[in-house]
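> Just passing along the structure, written as structure tokens.
The values are calculated or read from the model by the stated rules, or taken from the named source; none is laboratory data. All figures in this text were calculated on a predicted structure; none of them were measured in a lab. Every residue, glycine among them, receives a Cβ derived from its backbone with ideal geometry; neighbour counts consider all protein chains shown.
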Amino acid sequence: MQHYLEGLHMSLRETPSSWQPSLGLVGLGLLTSFPVGAQTPAPDAPVNLPELNVSGPAPNRYVTPPNATAPRLPVSVQDSPQSISVVPRTLIDERGAVSLREALRNVTGISLAAGEGGLSGDNLTLRGFSATNDFYIDGIRDSAPYTRDPFNVESIEVLKGPSAIMFGRGSTGGVINQTSRQPQARNFGEFTMSGMAPLGFRATGDINVSVGGVAMRLNAMAMHQDVARRDNVYNERWGVAPSITWGLGGDTQLTFNYLHQTENNIPDFGIPIIAGRVANVPLHNFYGLRNVDREQYVTDVMTARLQHRFTEGVTFTNTSRFGNYYRNIDSTAPRIIGTVTALTPLANIMVNRQAQLRAGTSNILENQSELRVQAVTGPLQHNVVTGLEVGRESVQLRRWTSTRPNASLLFPDYNQAPGFVEARTLTADTKTNANRVAVYAVDQIRIGRFFEVLGGFRYENFDATSTNRFAGNTELRSNNNMWSWRAAGVFKPVQGVRTYFAAGTSFNPSAESIALTAATTNLAPESNISYEVGASWEVTPNFQVRGALFQITKENARTVDPTNSTVTVLQGEQRVRGGEISVSGAPIPSVPGWNVIAGYTYLNSEITKSRNPAEVGREMLNTPRHTASFWTTYDLPYGITVGGGISYVDSRYGNTTNTVRVPAYARYDATVSWNITQGLTARLNGLNLTDRRFYEGVYQGNITPGAGRTFIGSLTARF
């Protein structure tokens, strides 16, 4: 028996720690299985134990785990009857993404938009509809404009198609949720130092300390990056994100999160439009002025979350958030002076440096209570999510105008006015408050082995008041009561295959972006309806295929009366029909070192009704027909990984009459990494390897070029 125990002890020491508890129980069971009174083996007698063989493939770094969740969904991401794209942390690191926009290059159906009316930060369209107000952090709205950095992001979930029953107003094309890094029940740290060419640096840190049931985590970032092939343009920011959790692993958990980020950038409003096309000028041309153009953002987001599990399958969560977003923008939008044509010599064309001046503060105060219940009623298995939201958002915004010296189209001079003092004239000063109350309920019901159904509704009151402090404190008000619903059916014909059909609605009130005008204050919300049929196939545990066909229709789009530009009516209609397919994981089981994540989306958009005849039959703003993304890596011996990919965006239009067109582009990126030791990794990223001239931000008056060839060398230490 002594030898038996020594052998068991040695086997446990040689077994990975994750298996020790279970093997210990096996050993205890074998000991107690000896019959009472049986003869004890002699000390030197051999004891034959049954062989234990535990094996299985390691989880793939691109495949969404079966239990992965997204905020407000009743079931996991994989089981949801909706197109959902997940960008894992591994992919963010592999691609060298230093902004949310870069991280989203692997999500098709998304296209970037340029600053409009002085608005910069993250602007994009999703499935043809603006998603500028559809950003979330851990399921709570984060709609203020700023450049989101992924330093505190664990994953990004893009829920495509109307999601109003879960997220409220907006979400016509979908929502983008950032899942932040939370405290963990272990001790670890990670530091990364990066150098960039052209000139730039980046440093990030991630430290987690766990003591008993309390864990603390701190993420931090600092960065400066010159934009390749764009003279005088740079991005500079730093941020910290501390968090602490009490009761980790218990039935009751309390977590506090704080995010602070400061930006000081030279904003880039790009190159002007001539005769509906981007002016054929050197890509490095920048039309701003030294010591004039700048932008500053200060973002503070504080979140408290209390979670209590009553019993297995019944969980209550209450989340409170306060966010404060300050912005101060002084930028130049280049506009062509006079009437020019495609035949006008470029050397004769002058550019008006149109000032885009605005400063303001946005605030959000929100409380969300949510109850999740898993229950069985007869043959039915329920996954229920119900919630109550109460929130207040406010925006204070001031705008100015000024006159700046004109510039040559071909040879703009950044140092043209060294002693220039900008004389500002206030043109707008508004304060808008919006209060909202919402209740929602969703139930996804499993009916036997093959079928599931989902049903849900949401009621929301959205009451906004805007005060024009520039014009005698005149007030505008919009009060809307909005209902939305969603229904879906799921059929699982064989193991690993899920098919679904879903339909749902969403709404866009006039004050959706916390702003009102006299032309829109009395309008009802725009309403949208979508239909989607899709399927997913788990080919192997480490390789998945997903696809969907869909239609989204905005049934009463706002449109300006051509006979009176001060009148807006709900007599338009916009429609997007399309399809998408994506794959992720290891496509060949016998080659586990080869990993792929790829996708393709087709969008056929059309303005089917409008009071402006020039818009009817045209494609929607900033909606490319084809977008595709492909990224692959291969693990070589000695800890070396090589990878690369392509991002493709088709041509698209900068206005709704389709007179401003931006050409298609394909961007090639690559990476190579080396695990020098267990805790030390070196990586080199090459972005836009071919130094392709391409355009990302799209607007009717100017187009923002994408960055030229960029290299990022990084060294990461983990402990």
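> What number of residues within the stretch 586-627 satisfy the criterion of being surrounded by 17 or more Cβ atoms within 10 Å (Cβ to Cβ), more than 19 Å from Tyr699 (Cβ to Cβ) and small (Gly, Ala, Ser)?
4
> Which pairs have Cβ atoms under 9 Å, sit 6 or more apart or on different chains, and link a residue in the stretch 225-240 that is in contact (Cβ under 8 Å) with a residue 40 or more places away in the chain to one that is among the basic types (Lys, Arg) and not in a strand (DSSP E or B)?
Ala228/Arg709; Arg229/Arg693; Arg229/Arg709; Asn232/Arg290
> Inside the stretch 373-395, can you point out the residues that are crowded, with 18+ Cβ neighbours inside 10 Å and charged (D, E, K, R)?
Once the filter is applied, which keeps residues that are crowded, with 18+ Cβ neighbours inside 10 Å and charged (D, E, K, R), the stretch 373-395 yields Glu389, Glu393.
> So which pairs qualify, if the first residue must be in the stretch 494-506 and assigned to a loop (DSSP other than H, G, I, E, B), the second must be β-branched (Val, Ile, Thr) and surrounded by 14 or more Cβ atoms within 10 Å (Cβ to Cβ), the Cβ gap must be under 8 Å, and the two must be at least 6 apart or on different chains?
From residues that are assigned to a loop (DSSP other than H, G, I, E, B), the pairs are Gly496/Val539.
> Among (1) within 26 Å of Glu154 (Cα to Cα); (2) within 27 Å of the chain's Cα centre (by Cα); (3) among the polar types (S, T, N, Q), where does Thr252 come up short?
Result: Thr252 fails condition (2) only.
> Follow-up. Listed residues Ala666, Ala682; which is in a strand (DSSP E or B) and either modelled with pLDDT under 95 or within 30 Å of Tyr602 (Cα to Cα) (or both)?
Ala666
> If you don't mind, there's one more thing I want to ask. On the given criteria, is Leu549 at pLDDT 95 or above and either touching a strand residue (DSSP E or B) at 6+ places or on another chain (Cβ under 8 Å) or closer than 20 Å to Leu126 by Cβ (or both)?
Judged against the criteria, Leu549 is a match.
> Now, a different point. Does Gly239 count as modelled with pLDDT under 95 and not hydroxyl-bearing (Ser, Thr, Tyr)?
In short, no.
> Tell me whether the stretch 646-667 contains one or more residues that are under 25 Å from the mean Cα position of the chain (by Cα), crowded, with 21+ Cβ neighbours inside 10 Å and charged (D, E, K, R).
Scanning the stretch 646-667 turns up at least one residue that is under 25 Å from the mean Cα position of the chain (by Cα), crowded, with 21+ Cβ neighbours inside 10 Å and charged (D, E, K, R).
> Please specify each residue of the stretch 446-487 satisfying the condition of being of a type in the set (D, E, K, R), closer than 23 Å to Ala428 by Cα and more than 28 Å from the chain's Cα centre (by Cα).
Across the stretch 446-487, the qualifying residues are Arg469, Glu475, Arg477.
> Of everything in the stretch 632-659, what is among the aliphatic types (A, V, I, L, M), more than 17 Å from Thr125 (Cα to Cα) and either part of a loop (DSSP other than H, G, I, E, B) or in contact (Cβ under 8 Å) with a residue 60 or more places away in the chain (or both)? Give them in sequence order.
Leu636
> A further question on this structure: Find the strands (runs of 3 or more DSSP E) located wholly in the stretch 102-164 whose residues include 1 or more that are more than 20 Å from Tyr62 (Cα to Cα), and list them.
110-112, 124-126, 135-137
> Could I ask something else about it? Just checking, which of Phe322, Phe316 is in contact with a strand residue (DSSP E or B) (Cβ under 7 Å, 6 or more places away or on another chain), closer than 25 Å to Asn152 by Cβ and surrounded by fewer than 16 Cβ atoms within 10 Å (Cβ to Cβ)?
Phe322
> While we're here: Which residue out of Tyr287, Tyr297 is of a type in the set (Phe, Trp, Tyr), closer than 30 Å to Arg693 by Cβ, in contact (Cβ under 8 Å) with a residue 12 or more places away in the chain and part of a loop (DSSP other than H, G, I, E, B)?
None of the others qualify; the one that does is Tyr287.
> Here is a follow-up. Quick one: is Gln678 surrounded by 15 or more Cβ atoms within 10 Å (Cβ to Cβ) and either closer than 30 Å to Arg611 by Cβ or over 25 Å from the mean Cα position of the chain (by Cα) (or both)?
No, not satisfied.
> Does at least one position in the stretch 427-438 carry a residue that is within 30 Å of Pro81 (Cα to Cα) and not basic (Lys, Arg)?
Taking every residue of the stretch 427-438 in turn, at least one turns out to be within 30 Å of Pro81 (Cα to Cα) and not basic (Lys, Arg).
> Considering only the stretch 699-715, I want to know if a residue exists there that is of a type in the set (Phe, Trp, Tyr) and under 22 Å from Gly195 (Cβ atoms).
The answer is yes; a qualifying residue exists.
> If you take the residues in the stretch 556-568 that are under 22 Å from Met620 (Cα atoms) and surrounded by fewer than 16 Cβ atoms within 10 Å (Cβ to Cβ), which one is modelled with the highest pLDDT?
Val567
> Among the residues of the stretch 408-426, are any modelled with pLDDT of 95 or more, among the aliphatic types (A, V, I, L, M), touching a helix residue (DSSP H, G or I) at 6+ places or on another chain (Cβ under 9 Å) and farther than 27 Å from Pro509 by Cβ?
The answer is yes; a qualifying residue exists.
> Give the residue, chosen from Val421, Val442, that is in a strand (DSSP E or B) and either more than 30 Å from Val373 (Cβ to Cβ) or under 28 Å from the mean Cα position of the chain (by Cα) (or both).
Matching residue, one of Val421, Val442: Val442.
> Count, please, the residues in the stretch 238-296 that happen to be over 30 Å from Val211 (Cβ atoms) and of a type outside the set (A, V, I, L, M).
Residues flagged as over 30 Å from Val211 (Cβ atoms) and of a type outside the set (A, V, I, L, M) within the stretch 238-296 amount to 24.
> Let me ask something else about it. Only strands (runs of 3 or more DSSP E) wholly contained in the stretch 169-280 count here; list those with 3 or more residues that are of a type in the set (A, V, I, L, M).
So the answer is 188-197, 200-211, 214-226, 234-246, 271-274.
Here is a yes/no grid of residues against (1) at pLDDT below 90; (2) touching a Pro at 6+ places or on another chain (Cβ under 9 Å); (3) over 28 Å from Leu687 (Cβ atoms):
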| site | (1), (2), (3) |
| --- | --- |
| Asn53 | yes, no, yes |
| Arg72 | yes, no, yes |
| Gln78 | no, yes, yes |
| Ser99 | no, yes, no |
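> From Val158, Val214, Val227, Val233, which residue is farther than 28 Å from Leu689 by Cα and among the hydrophobic types (A, V, I, L, M, F, W, C)?
Val214
> Being among the small types (Gly, Ala, Ser), crowded, with 16+ Cβ neighbours inside 10 Å and farther than 26 Å from Gln700 by Cα is true for just one of Ala359, Ala417, Ala407, Ala423. Which residue is that?
After ruling out the rest, the residue left standing is Ala417.
> Can I ask one more? Here are the criteria: (1) under 22 Å from Gly161 (Cα atoms); (2) surrounded by 20 or more Cβ atoms within 10 Å (Cβ to Cβ); (3) not charged (D, E, K, R). Tell me which single one Ala464 does not satisfy.
Ala464 satisfies every listed condition except (1).
> Applying the selection to the stretch 158-179, what residues are modelled with pLDDT of 90 or more and among the polar types (S, T, N, Q)?
Thr172, Asn177, Gln178, Thr179, listed by residue number.
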